[in-house]
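Step one of this worksheet: look at the structure below.
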Amino acid sequence: MRGGGGADRVPGPFINTLPVRVRLGGGVGEVVSGMRGQLAELLMHEHAPLAVAQRASGVPADAPLFTSILNYQRSTHDETEETPELDGVRVVRVIDRTNYPLSLAVDDRGDGMSVVVDAVAGVDAEVVAGLVCTAMENLVEALESAPDTSLAGGGGVLDAADLERLASWGAGPAGSLAGTVAELFEAQVDRDPAAVAVVSEGVEVSFGELETRANRVARALLSRGVGPESVVAVALERGVDLVVALLGGC
């Protein structure tokens, strides 16, 4: 929100959050210019109640309007200045809290920027921050050298190390994966049945054990009339049981 002088010292919630849909067509220069225009137009709605934003968004009322939040701020004070001391008050720890699964805060200090990511358990905040920084660097480079570059070509999120790692994952000899999933699985069972096949939530299952459990599922399906070209729905969370079910249906 457009706060006046001293607004940074006002306690309590002082940010009205509104949803934005980013238009990705055109070059990076056009995309950035379009986003700047959208943000400028939103200023007249900065006091809009959340209920109004919910209705205008078209998102169903029982669905969350936000699953992530981006907070950008331009700092006008010198962070090196010491906070004035108060009699009888000692700062122990300062920490931000949010109810969003993913929160990204960008602090523009004029001579540099900092990026802070808060995420729920299961999301590596450090990895997300790295992807964001790489995307920012690539975007700035594209804006400076070739603003007509498409966002897909000028806004990559993977750095050189990530790209090299991805290349190494697919560096196996051509033709080494010939065969169906069931055939490849059986071949691995024959080579080393004791090798770990699946790890989920601290549980390890070997290829031999996985084969035994998958065969039980296959026999159960056959007893119920399931055969070639049959369609079987699988409704399981990610884990060992899901892998067993999929292999048993092969």
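The values are calculated or read from the model by the stated rules, or taken from the named source; none is laboratory data. Worth saying up front: this structure is predicted, and the values here are computed from it rather than measured. Here the Cβ positions follow ideal geometry from the backbone for every residue, glycine too, while neighbour counts run over all protein chains shown. Note: accessible area is taken over every heavy atom of the protein model, side chains too, but ligands, DNA and RNA are not part of it. Shrake-Rupley method; radii C 1.70, N 1.55, O 1.52, S 1.80 Å.
Note on residue 33: accessible area is roughly 60 Å² with a 1.4 Å probe, heavy atoms of protein only. Here each label is just a point 7 Å from Cα along the line to Cβ, and for residue 238 and residue 87 those points are 5.7 nm apart.
If you sort 191, 93 by accessible surface, 1.4 Å probe, largest first, the order is 93, 191.
Shape class for region 17-81, computed from the alpha carbon gyration tensor (a ≥ b ≥ c): oblate, with a/c not under 1.5 and a/b at or below b/c.
For region 184-223, what does the alpha-carbon gyration tensor say about shape, rounded, prolate or oblate, given a ≥ b ≥ c as the root eigenvalues, a/c under 1.5 as rounded, and a/b over b/c as prolate? Here region 184-223 falls in the oblate category.
Solvent-accessible surface (1.4 Å probe) assigned to residue 196 amounts to roughly 80 Å². Placing +1 on the Cβ of every Lys and Arg and -1 on the Cβ of every Asp and Glu, with nothing else charged, gives region 197-239 a dipole about its Cα centre of roughly 240 debye.
Spacing of the modelled spin labels on residue 123 and residue 94, each 7 Å from Cα toward Cβ, amounts to 2.4 nm.
Accessible-area rank, largest first, for 149, 134, 180: 180, 149, 134, with all protein chains present and a 1.4 angstrom probe. By a 1.4 Å probe calculation restricted to protein chains, residue 126 has an accessible surface near 150 Å², given to the nearest 10. When you count the other C-beta atoms within 10 angstrom of each residue and take the mean per peptide, 238-246, 60-68 line up highest first as 238-246, 60-68. Simple rule: put +1 on each Lys or Arg Cβ and -1 on each Asp or Glu Cβ in region 107-171, find the dipole, and look at 156, 166, 123; the Cα lying farthest toward the positive end is 166.
What is the extension gain from residue 162 to residue 36, computed as 0.36 nm multiplied by their sequence separation minus the C-alpha to C-alpha distance, in nm to one decimal?
Working: separation 126, 0.36 × 126 = 45.36 nm, distance 3.03 nm.
Here the answer is 42.3 nm.
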